[in-house]
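First the structure, in the form of C-alpha coordinates, and then the observations on it.
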Amino acid sequence: MKALSDLSIADLASRLDDWGFKPSHAERLLRAYYLNGGEIPWTELVVPQGLREKVEGGYAASSVTLAARQVADDGTTKLLLRLADGRTIETVMMTDFRDDRVAGCVSSQVGCAMGCDFCATAQGGFARNLTPGEIIEQFLHLRREARAVGKRVQTLVFMGMGEPMLNLDSVQEAIGRIAGPELGALGWKQVTVSTVGLIPGIEALAASDLGVHLAVSLHAPDDETRARLLPAGKRFKAGEILAAAERYEAATGRPVTVQYCLLKGVNDSPAQARQLAELLAGRRMHVNVLRYNPTGAGLSGVAYETSSDEAAEAFIAELRGRRVVAHFRRPRGRDIDAACGQLRRRAAGLPGPEPVKKLST
Ligand code: SF4
(Lines give C-alpha, C1' and ligand atoms only; values in the text may rest on other atoms or scores of the structure.)
Protein backbone atom coordinates (compact mmCIF):
# COMPACT_ATOMS: atom_id res chain seq x y z
CA MET A 1 0.00 0.00 0.00
CA LYS A 2 1.30 3.46 -0.87
CA ALA A 3 1.81 5.98 1.92
CA LEU A 4 0.50 9.54 1.98
CA SER A 5 4.12 10.70 1.86
CA ASP A 6 4.34 9.27 -1.66
CA LEU A 7 1.66 11.61 -2.97
CA SER A 8 1.79 15.05 -4.48
CA ILE A 9 -1.27 17.28 -4.15
CA ALA A 10 -2.15 16.44 -7.77
CA ASP A 11 -1.87 12.68 -7.06
CA LEU A 12 -4.29 12.84 -4.14
CA ALA A 13 -6.61 15.27 -5.93
CA SER A 14 -6.95 12.84 -8.80
CA ARG A 15 -7.70 9.98 -6.42
CA LEU A 16 -10.30 12.02 -4.53
CA ASP A 17 -11.93 12.82 -7.84
CA ASP A 18 -12.08 9.08 -8.66
CA TRP A 19 -13.79 8.49 -5.33
CA GLY A 20 -16.36 11.22 -5.97
CA PHE A 21 -14.96 13.88 -3.64
CA LYS A 22 -13.88 17.41 -4.50
CA PRO A 23 -10.18 17.39 -5.56
CA SER A 24 -9.73 20.63 -3.64
CA HIS A 25 -9.67 18.67 -0.34
CA ALA A 26 -6.29 17.22 -1.33
CA GLU A 27 -4.15 20.25 -0.49
CA ARG A 28 -5.86 20.76 2.89
CA LEU A 29 -5.47 17.10 3.88
CA LEU A 30 -1.84 16.79 2.83
CA ARG A 31 -0.89 20.12 4.39
CA ALA A 32 -2.42 19.00 7.69
CA TYR A 33 -0.52 15.70 7.34
CA TYR A 34 2.81 17.51 6.91
CA LEU A 35 2.22 20.05 9.66
CA ASN A 36 1.09 17.32 12.05
CA GLY A 37 4.28 15.28 11.53
CA GLY A 38 2.92 12.52 9.29
CA GLU A 39 -0.66 11.95 10.43
CA ILE A 40 -3.87 13.60 9.31
CA PRO A 41 -5.52 15.11 12.42
CA TRP A 42 -8.99 13.94 11.32
CA THR A 43 -10.79 15.07 14.46
CA GLU A 44 -9.65 18.66 13.87
CA LEU A 45 -10.82 18.76 10.25
CA VAL A 46 -14.27 19.11 8.77
CA VAL A 47 -14.46 16.66 5.84
CA PRO A 48 -17.30 15.07 3.84
CA GLN A 49 -18.76 11.86 5.15
CA GLY A 50 -16.83 8.81 3.97
CA LEU A 51 -13.70 10.65 2.93
CA ARG A 52 -11.66 9.62 5.97
CA GLU A 53 -12.52 5.94 5.45
CA LYS A 54 -11.55 6.12 1.77
CA VAL A 55 -8.20 7.82 2.48
CA GLU A 56 -7.35 5.49 5.37
CA GLY A 57 -8.35 2.47 3.33
CA GLY A 58 -6.31 3.60 0.31
CA TYR A 59 -3.10 4.87 1.89
CA ALA A 60 -0.92 4.16 4.90
CA ALA A 61 0.00 7.16 7.05
CA SER A 62 3.61 5.98 6.95
CA SER A 63 5.88 3.39 5.36
CA VAL A 64 8.97 4.29 7.41
CA THR A 65 9.02 3.16 11.02
CA LEU A 66 11.27 3.91 13.98
CA ALA A 67 13.62 0.97 14.66
CA ALA A 68 15.85 2.55 17.29
CA ARG A 69 16.66 5.89 18.88
CA GLN A 70 19.80 7.14 20.61
CA VAL A 71 19.76 10.36 22.60
CA ALA A 72 23.07 12.00 23.48
CA ASP A 73 23.70 14.06 26.60
CA ASP A 74 23.62 17.21 24.45
CA GLY A 75 20.15 16.32 23.11
CA THR A 76 21.35 15.13 19.69
CA THR A 77 18.95 12.37 18.72
CA LYS A 78 19.82 9.73 16.19
CA LEU A 79 17.01 7.71 14.63
CA LEU A 80 17.38 4.38 12.92
CA LEU A 81 14.42 4.13 10.54
CA ARG A 82 13.17 0.97 8.90
CA LEU A 83 11.88 1.11 5.32
CA ALA A 84 9.09 -1.05 3.90
CA ASP A 85 11.65 -3.46 2.39
CA GLY A 86 13.31 -3.97 5.78
CA ARG A 87 16.39 -1.86 5.00
CA THR A 88 17.44 0.81 7.47
CA ILE A 89 18.62 4.41 7.24
CA GLU A 90 19.76 7.05 9.71
CA THR A 91 18.23 10.44 10.44
CA VAL A 92 19.56 12.87 13.03
CA MET A 93 18.02 15.70 15.06
CA MET A 94 20.67 18.17 16.19
CA THR A 95 20.21 20.74 18.88
CA ASP A 96 20.57 24.39 17.96
CA PHE A 97 22.05 27.26 19.94
CA ARG A 98 18.47 28.48 20.21
CA ASP A 99 16.51 26.48 22.72
CA ASP A 100 13.31 26.18 20.70
CA ARG A 101 14.86 24.94 17.45
CA VAL A 102 16.55 21.87 16.06
CA ALA A 103 18.31 21.07 12.79
CA GLY A 104 17.52 17.85 10.95
CA CYS A 105 19.92 15.73 8.92
CA VAL A 106 18.41 13.28 6.42
CA SER A 107 19.71 10.47 4.22
CA SER A 108 19.21 10.38 0.46
CA GLN A 109 20.25 6.79 -0.25
CA VAL A 110 20.40 3.44 1.53
CA GLY A 111 24.16 3.13 1.94
CA CYS A 112 26.50 4.97 -0.38
CA ALA A 113 28.67 4.16 -3.37
CA MET A 114 31.12 7.03 -2.97
CA GLY A 115 33.50 5.05 -0.76
CA CYS A 116 34.85 7.92 1.36
CA ASP A 117 37.58 6.31 3.39
CA PHE A 118 36.69 7.83 6.77
CA CYS A 119 32.94 7.15 6.57
CA ALA A 120 31.06 4.34 8.31
CA THR A 121 28.31 4.38 5.68
CA ALA A 122 30.82 3.69 2.92
CA GLN A 123 31.81 0.43 4.57
CA GLY A 124 28.36 -1.06 4.00
CA GLY A 125 28.30 -0.19 0.28
CA PHE A 126 25.29 1.02 -1.69
CA ALA A 127 21.86 -0.64 -1.66
CA ARG A 128 19.41 1.69 -3.39
CA ASN A 129 18.11 5.22 -3.80
CA LEU A 130 15.44 6.51 -1.44
CA THR A 131 12.08 7.51 -2.88
CA PRO A 132 10.79 11.07 -2.37
CA GLY A 133 8.30 9.69 0.15
CA GLU A 134 11.06 7.99 2.18
CA ILE A 135 13.02 11.24 2.32
CA ILE A 136 9.91 13.17 3.31
CA GLU A 137 9.10 10.69 6.07
CA GLN A 138 12.49 11.32 7.66
CA PHE A 139 11.53 14.98 7.89
CA LEU A 140 8.13 14.06 9.34
CA HIS A 141 9.78 11.81 11.96
CA LEU A 142 12.02 14.75 12.86
CA ARG A 143 9.01 17.02 13.22
CA ARG A 144 7.43 14.57 15.64
CA GLU A 145 10.67 14.10 17.60
CA ALA A 146 11.15 17.87 17.85
CA ARG A 147 7.60 18.45 18.95
CA ALA A 148 7.93 15.81 21.66
CA VAL A 149 10.66 17.89 23.29
CA GLY A 150 8.92 21.24 22.74
CA LYS A 151 10.99 22.31 19.71
CA ARG A 152 10.55 22.74 15.99
CA VAL A 153 12.67 21.78 13.01
CA GLN A 154 14.24 24.98 11.71
CA THR A 155 16.67 23.69 9.08
CA LEU A 156 17.27 20.49 7.13
CA VAL A 157 20.55 19.26 5.70
CA PHE A 158 21.09 16.41 3.25
CA MET A 159 24.26 15.20 4.96
CA GLY A 160 23.16 11.76 6.11
CA MET A 161 23.73 8.51 4.28
CA GLY A 162 24.26 8.75 0.54
CA GLU A 163 25.32 11.26 -2.09
CA PRO A 164 22.25 13.46 -2.83
CA MET A 165 23.48 14.34 -6.32
CA LEU A 166 23.20 10.68 -7.32
CA ASN A 167 19.51 10.65 -6.38
CA LEU A 168 18.76 14.19 -7.40
CA ASP A 169 15.30 13.69 -8.91
CA SER A 170 13.96 12.23 -5.67
CA VAL A 171 15.85 14.77 -3.55
CA GLN A 172 14.40 17.65 -5.55
CA GLU A 173 10.88 16.26 -5.41
CA ALA A 174 11.15 15.75 -1.66
CA ILE A 175 12.55 19.26 -1.12
CA GLY A 176 9.68 20.69 -3.15
CA ARG A 177 7.13 19.18 -0.78
CA ILE A 178 9.12 19.73 2.45
CA ALA A 179 10.16 23.32 1.78
CA GLY A 180 7.37 24.62 -0.46
CA PRO A 181 4.55 26.71 1.05
CA GLU A 182 1.76 24.30 0.03
CA LEU A 183 2.83 21.36 2.25
CA GLY A 184 5.83 21.24 4.60
CA ALA A 185 6.42 25.02 4.46
CA LEU A 186 9.93 24.73 5.89
CA GLY A 187 11.28 27.33 3.44
CA TRP A 188 13.84 26.95 0.62
CA LYS A 189 16.57 28.82 2.46
CA GLN A 190 16.27 26.40 5.35
CA VAL A 191 17.50 23.46 3.25
CA THR A 192 21.12 22.56 2.46
CA VAL A 193 22.19 19.88 0.00
CA SER A 194 25.67 18.52 0.53
CA THR A 195 27.88 16.83 -2.05
CA VAL A 196 31.36 15.37 -2.26
CA GLY A 197 31.73 17.58 -5.31
CA LEU A 198 29.86 16.00 -8.20
CA ILE A 199 29.88 18.87 -10.66
CA PRO A 200 27.01 17.68 -12.91
CA GLY A 201 24.81 17.48 -9.80
CA ILE A 202 25.84 20.97 -8.67
CA GLU A 203 24.92 22.29 -12.11
CA ALA A 204 21.59 20.46 -12.16
CA LEU A 205 20.70 21.76 -8.69
CA ALA A 206 21.60 25.30 -9.75
CA ALA A 207 19.28 24.95 -12.74
CA SER A 208 16.44 23.60 -10.62
CA ASP A 209 15.43 27.00 -9.20
CA LEU A 210 14.87 25.50 -5.76
CA GLY A 211 17.12 28.15 -4.21
CA VAL A 212 18.47 25.85 -1.51
CA HIS A 213 21.91 26.11 0.05
CA LEU A 214 24.81 24.01 -1.19
CA ALA A 215 27.62 22.51 0.88
CA VAL A 216 30.69 20.99 -0.75
CA SER A 217 32.80 18.44 1.12
CA LEU A 218 36.40 19.28 0.24
CA HIS A 219 38.32 17.67 3.13
CA ALA A 220 41.68 18.34 1.47
CA PRO A 221 43.05 21.20 -0.64
CA ASP A 222 45.36 19.02 -2.73
CA ASP A 223 43.97 16.54 -5.21
CA GLU A 224 46.28 13.74 -4.13
CA THR A 225 45.08 13.67 -0.51
CA ARG A 226 41.54 14.31 -1.64
CA ALA A 227 41.56 11.36 -4.03
CA ARG A 228 42.77 9.15 -1.18
CA LEU A 229 40.01 10.31 1.17
CA LEU A 230 37.20 10.68 -1.35
CA PRO A 231 37.51 8.40 -4.38
CA ALA A 232 35.03 10.69 -6.17
CA GLY A 233 37.77 13.31 -5.88
CA LYS A 234 39.68 11.48 -8.59
CA ARG A 235 37.05 12.53 -11.07
CA PHE A 236 36.85 16.23 -10.21
CA LYS A 237 39.71 18.46 -9.06
CA ALA A 238 39.28 20.69 -6.02
CA GLY A 239 39.68 23.82 -8.12
CA GLU A 240 37.04 22.67 -10.61
CA ILE A 241 34.62 21.89 -7.79
CA LEU A 242 35.06 25.32 -6.23
CA ALA A 243 34.57 26.94 -9.64
CA ALA A 244 31.28 25.01 -9.98
CA ALA A 245 30.33 26.11 -6.46
CA GLU A 246 31.04 29.70 -7.44
CA ARG A 247 28.74 29.35 -10.45
CA TYR A 248 26.11 27.92 -8.09
CA GLU A 249 26.41 31.03 -5.91
CA ALA A 250 26.07 33.28 -8.93
CA ALA A 251 23.01 31.41 -10.21
CA THR A 252 21.16 31.13 -6.90
CA GLY A 253 22.46 33.99 -4.76
CA ARG A 254 23.10 31.47 -1.99
CA PRO A 255 26.58 31.41 -0.44
CA VAL A 256 28.19 27.96 -0.55
CA THR A 257 29.71 26.27 2.49
CA VAL A 258 32.92 24.28 2.22
CA GLN A 259 32.99 21.31 4.60
CA TYR A 260 36.37 20.24 5.91
CA CYS A 261 36.69 17.34 8.33
CA LEU A 262 40.01 17.41 10.17
CA LEU A 263 41.86 14.08 10.28
CA LYS A 264 44.96 13.86 12.42
CA GLY A 265 48.16 13.92 10.38
CA VAL A 266 46.26 13.63 7.10
CA ASN A 267 44.74 17.01 6.24
CA ASP A 268 45.19 19.17 9.33
CA SER A 269 48.58 20.81 8.83
CA PRO A 270 49.06 24.61 8.72
CA ALA A 271 50.47 24.17 5.20
CA GLN A 272 47.22 22.53 4.08
CA ALA A 273 45.25 25.34 5.73
CA ARG A 274 47.31 27.84 3.70
CA GLN A 275 46.71 25.85 0.53
CA LEU A 276 42.98 25.83 1.26
CA ALA A 277 43.03 29.59 1.84
CA GLU A 278 44.75 30.06 -1.53
CA LEU A 279 42.04 28.03 -3.25
CA LEU A 280 39.36 30.15 -1.62
CA ALA A 281 41.03 33.53 -2.21
CA GLY A 282 38.59 35.90 -3.88
CA ARG A 283 35.67 33.58 -3.22
CA ARG A 284 33.05 34.35 -0.60
CA MET A 285 32.54 30.76 0.53
CA HIS A 286 33.01 30.06 4.20
CA VAL A 287 34.54 26.94 5.69
CA ASN A 288 32.87 24.67 8.20
CA VAL A 289 35.66 22.89 10.05
CA LEU A 290 34.43 19.60 11.49
CA ARG A 291 35.93 17.37 14.15
CA TYR A 292 36.10 13.74 13.13
CA ASN A 293 34.06 11.09 14.94
CA PRO A 294 36.22 7.92 14.73
CA THR A 295 34.50 5.01 12.99
CA GLY A 296 37.23 2.37 13.01
CA ALA A 297 39.31 1.36 10.00
CA GLY A 298 38.13 2.70 6.64
CA LEU A 299 37.90 0.77 3.37
CA SER A 300 41.65 1.20 2.83
CA GLY A 301 42.37 -0.20 6.29
CA VAL A 302 43.48 3.19 7.67
CA ALA A 303 41.97 4.04 11.06
CA TYR A 304 41.70 7.83 11.08
CA GLU A 305 42.00 9.82 14.28
CA THR A 306 40.58 13.08 15.55
CA SER A 307 42.91 16.07 15.26
CA SER A 308 44.17 17.51 18.53
CA ASP A 309 42.59 20.71 19.81
CA GLU A 310 45.89 22.51 19.17
CA ALA A 311 46.06 21.35 15.54
CA ALA A 312 42.43 22.28 14.96
CA GLU A 313 42.91 25.74 16.44
CA ALA A 314 46.10 26.31 14.43
CA PHE A 315 44.31 25.21 11.24
CA ILE A 316 41.44 27.60 11.72
CA ALA A 317 43.78 30.42 12.77
CA GLU A 318 45.72 29.99 9.49
CA LEU A 319 42.47 30.28 7.53
CA ARG A 320 41.25 33.31 9.43
CA GLY A 321 44.68 34.94 9.16
CA ARG A 322 44.19 34.75 5.38
CA ARG A 323 40.74 36.35 5.55
CA VAL A 324 38.83 33.11 5.07
CA VAL A 325 35.63 32.99 7.10
CA ALA A 326 35.85 29.72 9.02
CA HIS A 327 33.82 28.22 11.84
CA PHE A 328 34.11 25.14 13.94
CA ARG A 329 31.02 23.03 13.65
CA ARG A 330 30.10 22.21 17.18
CA PRO A 331 30.68 18.46 17.79
CA ARG A 332 27.38 16.84 18.58
CA GLY A 333 26.32 13.54 20.03
CA ARG A 334 29.83 12.40 20.87
CA ASP A 335 28.52 9.93 23.46
CA ILE A 336 26.34 8.13 20.90
CA ASP A 337 27.11 6.68 17.44
CA ALA A 338 27.34 10.19 16.04
CA ALA A 339 29.11 9.54 12.75
CA CYS A 340 26.99 8.86 9.69
CA GLY A 341 26.36 5.11 9.33
CA GLN A 342 27.63 4.07 12.78
CA LEU A 343 24.29 3.35 14.39
CA ARG A 344 23.12 1.36 11.38
CA ARG A 345 26.26 -0.77 11.46
CA ARG A 346 25.93 -1.40 15.15
CA ALA A 347 22.25 -2.32 14.85
CA ALA A 348 23.24 -4.81 12.13
CA GLY A 349 25.79 -6.36 14.50
CA LEU A 350 28.79 -5.03 12.53
CA PRO A 351 31.92 -3.82 14.29
CA GLY A 352 32.68 -0.22 15.14
CA PRO A 353 34.61 1.70 17.78
CA GLU A 354 33.46 1.49 21.35
CA PRO A 355 30.59 3.81 22.25
CA VAL A 356 27.70 4.42 23.39
CA LYS A 357 24.31 4.38 24.81
CA LYS A 358 21.79 1.62 24.56
CA LEU A 359 19.31 1.73 21.72
CA SER A 360 15.70 2.37 22.53
CA THR A 361 12.60 2.37 20.40
S1 SF4 B 1 30.84 10.72 3.47
FE2 SF4 B 1 28.83 10.90 2.45
S3 SF4 B 1 29.35 10.67 0.27
FE4 SF4 B 1 31.12 9.87 1.40
S5 SF4 B 1 30.71 7.65 1.61
FE6 SF4 B 1 29.89 8.67 3.45
S7 SF4 B 1 27.73 9.01 2.99
FE8 SF4 B 1 28.79 8.64 1.04
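The values are calculated or read from the model by the stated rules, or taken from the named source; none is laboratory data. This one's a predicted model, so the numbers in the text were calculated from it and none came from an experiment. Reconstructed Cβ throughout: ideal geometry from the backbone, glycine too, with neighbour counts over all protein chains shown. Accessible surface areas use protein heavy atoms only, side chains included; no ligands, DNA or RNA. Shrake-Rupley method; radii C 1.70, N 1.55, O 1.52, S 1.80 Å.
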>> If you build the convex hull over the alpha carbons only and average its shadow over all orientations, what do you get for segment 21-125? Give it in nm² to one decimal.
In response: 10.0 nm²
> Under 5 Å between amide H atoms, partner at least 5 residues away or on a different chain: which partners does K2 have, H built in plane at 1.01 Å?
Replying inline: A60
> Å³ per residue of the Cα convex hull, for the chain?
Replying inline: 132 Å³
> How would you classify segment 83-146 from its alpha-carbon gyration tensor, with a ≥ b ≥ c the square roots of the eigenvalues: rounded for a/c under 1.5, else prolate if a/b is greater than b/c, otherwise oblate?
Replying inline: oblate
> Can you flag which of K237/K264; K151/K189; K78/K234; K2/K78; K22/K151 are past 30 Å Cα-Cα?
Replying inline: K78/K234; K22/K151
> To the nearest 10 degrees, how steeply does helix 132-148 sit against the main Cα axis of the chain, on a 0 to 90 scale?
Replying inline: 90 degrees
> Karplus couplings for segment 201-212 from phi (6.51 cos²θ - 1.76 cosθ + 1.60, θ = phi - 60°), rounded to Hz, Gly and Pro as x?
Replying inline: x, 4, 5, 5, 5, 4, 7, 7, 6, 6, x, 8
>> Between L45 and R247, what's the calculated FRET efficiency when r is the beta-carbon distance and R0 is 51 Å? Round to 0.05.
In response: 0.65
> Once you put a point 7 Å from the Cα of L66 and another 7 Å from the Cα of W19, both along the Cβ direction, what distance in nm separates them?
Replying inline: 2.7 nm
> Mind checking the dipole of the chain: about its Cα centre, +1 per Lys or Arg Cβ, -1 per Asp or Glu Cβ, Debye to the nearest 20?
Replying inline: 380 debye
> Lys/Arg Cβ at +1, Asp/Glu Cβ at -1, dipole of segment 59-178 taken about the Cα centre: which of G160, Y59, S107 is farthest positive-ward?
Replying inline: Y59
> In whole Hz, what ³J(HN,Hα) sequence does segment 187-196 give by Karplus (6.51, -1.76, 1.60; θ = phi - 60°), x for Gly and Pro?
Replying inline: x, 5, 5, 8, 10, 10, 9, 10, 9, 6
>> Can you show me the helix-derived [θ] at 222 nm for the chain, built from DSSP H runs with n ≥ 4 at -39,500 (n - 2.57) apiece and divided by the number of residues, rounded to the nearest 500.
In response: -10000 deg cm²/dmol
> What are the ³J(HN,Hα) values, in whole Hz, obtained from phi via the Karplus relation 6.51 cos²θ - 1.76 cosθ + 1.60 with θ = phi - 60°, for each residue of segment 32-40 in sequence order, with x given for Gly and Pro?
Replying inline: 4, 4, 5, 5, 8, x, x, 9, 7
> Can you list, bin by bin at 5 Å, the percent of alpha carbon pairs in segment 78-195, starting at 0?
Replying inline: 2, 12, 23, 25, 19, 12, 5, 1, 0
> So who's got an amide H within less than 5 Å of the one on L290, skipping anything under 5 residues away but keeping other chains? H placed 1.01 Å off N, in plane.
Replying inline: Y260, C261, L262, R329
>> Please report the accessible area of T252 (heavy atoms, 1.4 Å probe, ligands and nucleic acids excluded) in Å², nearest 10.
In response: 30 Å²
> How much accessible area does I9 have with a 1.4 Å probe, in Å² rounded to the nearest 10?
Replying inline: 40 Å²
> Taking the Cα centre of segment 1-82 as the origin, how large is its charge dipole in debye, to the nearest 20, when only Lys and Arg (+1) and Asp and Glu (-1) carry charge on their Cβ atoms?
Replying inline: 80 debye
>> For V193, what residues show an amide H to amide H distance below 5 Å, using hydrogens built from the backbone and excluding near sequence neighbours?
In response: F158, H213, L214, A215
> When the accessible area of the chain is split by element with a 1.4 Å probe, what percent falls to carbon and sulfur?
Replying inline: 50 percent
> Given 0.36 nm per residue, what is the gain on full extension from R323 to E224 after removing their alpha carbon distance, in nm?
Replying inline: 33.1 nm
>> Taking 8 Å as the Cα distance limit and 6 or more residues as the minimum spacing, I'd like the relative contact order of the chain as a percentage.
In response: 16 percent
> Using the scaling law 2.2 N^0.38 Å as the reference, what is the normalised Cα Rg of segment 1-78?
Replying inline: 1.32
